[in-house]
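Where a number appears in this text, it was derived from the coordinates with a stated rule and is not lab data. As the structure is a prediction and not an experimental result, all values here were calculated from the model. Positions of Cβ are generated from backbone atoms using ideal geometry, with glycine treated the same way; all protein chains shown enter the neighbour counts.
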């Protein structure tokens with residue numbers, strides 16, 4: 001019975017070391033991946049996507065939605081309902097914006 005317990009202890013220790021090594025390698029690869037000079041545009045693109053992505057929805061693709069106007073980019077805009085009294089909350093929707101004009105995605 002003592003031999004069986006010892007085998008489980010060594011297996012548990014080996015599994016723990018394996019997972020710890022995998023975590024260290026993953027963290028080192030992630031930290032070194034964002035420090036390169038050539039990756040600054042990729043990092044900017046990722047940060048822009050995170051900034052534009054709101055809860056519950058994702059930005060639309062605004063390719064060829066603004067006609068001849070460029071650059072056409074997705075924006076969040078509040079939708080004002082036609083009530084005569086002011087409200088505290090307005091729902092938001094995605095629109096494609098070019099200059100000062102808004103287009104439906």
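The table below lists the values:
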| read-out | value |
| --- | --- |
| Förster radius 22 Å - calculated FRET efficiency between residue 46 and residue 103 (Cβ-Cβ, nearest 0.05) | 0.30 |
| Separation of the residue 13 and residue 31 label points, Cα + 7 Å toward Cβ, nm | 2.7 nm |
